[in-house]
1. Is it the case that some residue within the stretch 200-218 is within 16 Å of ligand 2 (Cβ to nearest atom) and either closer than 21 Å to PHE313 by Cβ or at pLDDT 95 or above (or both)?
2. Scan the stretch 204-231 residue by residue and report those that are charged (D, E, K, R) and either closer than 20 Å to VAL352 by Cβ or outside any strand (DSSP E or B) (or both).
3. Any residue that is under 15 Å from VAL197 (Cβ atoms), buried (at least 17 other Cβ atoms within 10 Å of the Cβ) and in contact with a Lys or Arg (Cβ under 7 Å, 6 or more places away or on another chain) - is there at least one of those in the stretch 312-324?
4. Just checking: which of the helices (runs of 4 or more DSSP H) contained wholly in the stretch 86-203 hold 3 or more residues that are free of Cβ contacts under 8 Å to residues at least 60 places away in the same chain and within 16 Å of ligand 1 (Cβ to nearest atom)?
5. Report, by residue number, each residue of the stretch 23-50 that is surrounded by fewer than 18 Cβ atoms within 10 Å (Cβ to Cβ) and under 18 Å from the mean Cα position of the chain (by Cα).
6. Name the residues in the stretch 247-263 that are surrounded by fewer than 16 Cβ atoms within 10 Å (Cβ to Cβ) and either at pLDDT 95 or above or closer than 14 Å to GLY274 by Cα (or both), would you?
7. Are any residues in the stretch 102-112 more than 16 Å from ligand 2 (Cβ to nearest atom) and of a type in the set (A, V, I, L, M), and if so, which ones?
8. Which ones in the stretch 81-101 are touching a Pro at 6+ places or on another chain (Cβ under 9 Å) and within 16 Å of ligand 2 (Cβ to nearest atom)?
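The values are calculated or read from the model by the stated rules, or taken from the named source; none is laboratory data. Fair warning: this is a prediction, and the values are worked out from it, not measured in the lab. Here the Cβ positions follow ideal geometry from the backbone for every residue, glycine too, while neighbour counts run over all protein chains shown.
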Amino acid sequence: MTRTTTAAVLRAADAPFSLERVMLPEPRAEEVLVRIHAAGMCHSDVSVRLGEWPWPVILGHEGAGVVEAVGERVAGIAPGDHVVLTFDSCGHCRACSSAQPAYCDEFGARNMAPRPAGRPLATTLDGEELASRWFAQSSFAGYAIATARNTVVIDHDVPLEIAGPLGCGVQTGAGAILNVLRPEPGDSVAVFGTGGVGLSAILAARLAGASRIVAIEPHAPRREFALRFGATEAFAPMDEAEVRAVVGEVDHALDTTGQTDAIRSALSVLRTRGHLGVLAWRSIRPVVGPRDLLMRGITMTGIMEGSVEPNEFIPRLIELWRQGLFPFDQMLTSFPLHEINIAEAAMTSGEVVKPVLLPED
Ligand SMILES: [Zn+2]
Ligand SMILES: [Zn+2]
């Protein structure tokens, strides 16, 4: 059966989202139809506005909801299951076979391609096609079609209103710390940018036992958040020389901003043989020279989606949340889906860390 629902449609780079009735295609054999209860807003949703995109598009890639129907080739997921939707992967390339699906050979084609080959798209009621396979979900809508690979079943006791952000922003920040930088108890960590990803990294650094956690963030309310979440110090961005004088030296640095200046600052506070993780690529130009990489023995790692295997990592974060050790839900603010433009403005201004949108049908 074809499903009609309300979706937030973005029709141009500078347009507001518009709520429209849309028709979803029939789920295919390996797909899952999910009734979306909530979907987090992540910076990648908004950064689509900066690029060339074949409009119109339905965004949203941190969906949480209840499975309504599954295709005949889907195993281990059943109607009624509560699920978090994450990034998609092929399941058989070298990265997927070694439990590193974030580096899947087909990551771009499956998550960011507006019109993946052979996959039917949602349409308006007039039949106009909408790019609607964003991270194999497009979950700013009442229903979404996901795949068996990007659907993670969670326990029924986890409120669906908070679960969605685990599927991208939260696992990205937490995974970068716990899976890649891996600070030892007593180590120091600097986190550049404390939006949803950076705050998740700070929570994880505290869990790992880092004794010094430095947050560098331009928005004052987010610096307050960082301190509440376990940062031991929080500063506004400074130039390279100043940041070194103020912060001193750290063992690990994580850049969540993708800004050249932040990455330069991160390199300047890193100790010799320190480790820098970079998560975003918005404006990275060559910032690393032989003085950093060779003479100081710096390691720099690009990290996709926290290098997580979502079926293993998301339940682990939920368990830590249950024990009160990972209170990521405190960074979330809910908005009804029809207030998506207000939510975006609040996130962009720094007033809200991470909006969660609640569809009404
Ligand atoms: Zn793969
Ligand atoms: Zn994201």
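1. Yes, the stretch 200-218 contains at least one residue that is within 16 Å of ligand 2 (Cβ to nearest atom) and either closer than 21 Å to PHE313 by Cβ or at pLDDT 95 or above (or both).
2. From the stretch 204-231, those charged (D, E, K, R) are 206, 212, 217, 222-224, 228; that's our starting set.
Answer for the stretch 204-231, where residues must be charged (D, E, K, R) and either closer than 20 Å to VAL352 by Cβ or outside any strand (DSSP E or B) (or both): ARG206, GLU217, ARG222, ARG223, GLU224, ARG228.
3. No, that holds for no residue.
4. 94-97, 107-111
5. VAL46, SER47, ARG49, LEU50
6. Within the stretch 247-263, GLY248, GLU249 meet the criteria.
7. ALA109
8. Within the stretch 81-101, VAL84, THR86, PHE87, ASP88, SER89, PRO101 qualify.
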